[in-house]
1. Over the chain, what relative contact order in percent results from Cα pairs under 8 Å that are six or more residues apart?
2. Counting pairs of Cα atoms in region 172-226, how many percent are more than 14 Å apart?
3. Could you list the square roots of 5 times each eigenvalue of the Cα gyration tensor of region 178-324, that is, the equivalent ellipsoid semi-axes, sorted largest first and rounded to whole Å?
4. Taking 7 Å along the Cα-to-C-beta vector as the label spot, tell me the ALA39-VAL106 distance in nanometres, rounded to one decimal.
5. In whole Hz, what ³J(HN,Hα) sequence does region 204-220 give by Karplus (6.51, -1.76, 1.60; θ = phi - 60°), x for Gly and Pro?
6. May I ask you to give the solvent-accessible area per residue for the chain, in square angstrom, as obtained with a 1.4 angstrom probe?
7. Region 250-276 to region 145-178: how many Å between their Cα centroids?
8. Would you mind calculating the gained length between ALA25 and ASP66 on full extension (0.36 nm times residue separation, minus the Cα-Cα distance), in nm to one decimal?
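The values are calculated or read from the model by the stated rules, or taken from the named source; none is laboratory data. Only a predicted model underlies this, so the values are computations on that prediction, with no experimental measurement involved. Glycine also receives a Cβ, built like all others from the backbone with ideal geometry; neighbour counts cover every protein chain displayed. Only protein heavy atoms, including side chains, enter the accessible area calculation; ligands, DNA and RNA are left aside. Shrake-Rupley method; radii C 1.70, N 1.55, O 1.52, S 1.80 Å.
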Amino acid sequence: MMKRFLPLLAAALALATTLASAQPAAYPSQPIKWIVPYAAGGGTDNLARSLAEAMQPSLGQPLIIDNRPGASTNIGVSVMMQAKPDGYTVMQAENAALLFNEHMFVKLPYKPATDFTYIGTIGRFPVALVVHPDFPAKNVAEFVRYVKANPEKVSYASPGNGSPHHMAMELFKQKAGLSIVHVPYKGAAPAMSDVMGGQVPVMMLDLASGLSIIKSGKVRVLAIALPQRANALPEVPTFVEAGFPDVNAYAFHGLIGPAGMPPEAVARLNAELHKAMKAPKVVKLFADFGFEALPGTPQDFYKLSRAESERWGNIIKTAGVKLD
């Protein structure tokens, strides 16, 4: 009897072992690549590294930052889209990839509406209108009057064509009927340097890059381009208060992956992302940067991105901005 039973037991154990080995390992079972489509050391990179560090203990796997700057974030997007949609490659995306590029590039090799998996919103860097301290305007009304009295004689800096800063000023120009000259730079640092030096007197500045120079008095801030006052500068009025309710602009951030990621991976990353946003070090970083958290579901992220893309598409068309 026992001799007949042993082969059956061995077969059962072999089948159980086979079935167990066929089951996928719990996600994540290996390191996760986190693409940042900007150079190391900037506000986006610092934000990504802080979030990744806070998420790693709970996930139990390293999150490896991979900086892929260039081409209005299209290099980073290309790397992400070539990866398997298995949850082990994600990208921190902002206005360019999510909202702007589909309206600025004639031949864009991806469609944000269908080629991304939307994992979760992170938040936004507020954008503020700043001027050199010697500029003859103390508020938005005075700024508008001065520029209208001096058409094409006032210039403004930006970190580059198609940047959130550039488009924020284009929005303000359209709503206020201003004629002001754009001077694009290669990055926020040289643009800020020339505004502080007075070579170019005006800029739309994100608080991640410029909060410290605003607080130091090296530039004067006139208004914040948000519906409500920014937590980091509660004394500064909004464009809404200045009579321009449609001047709402910011550097919007979220986490995306290639289309077709497993739902369980999306759910886990979304939960861990929003848990990390409550970590004390991350909360402090957000406060230091003037960054405002916007936690939400993947569905919330998708709907907000699509609505904002439509809004900015109309602004970009009116401004005539093209990058190819």
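1. On the way: 602 pairs, mean separation 84.8, N = 324.
Taking the mean separation of contacting Cα pairs over the length of the chain, I get 26 percent.
2. Numbers: 845 of 1485 pairs.
The share of Cα pairs beyond 14 Å in region 172-226 comes to 57 percent.
3. Three semi-axes, in Å: 30, 21, 16.
4. About 3.0 nm, to one decimal.
5. Here the 3J(HN,Hα) series is 8, 10, 6, 5, 4, 7, x, 4, 5, 6, 5, 5, 7, x, 6, 9, 9 Hz.
6. On a per-residue basis, 45 Å².
7. Here the answer is 34 Å between Cα centres.
8. 12.3 nm
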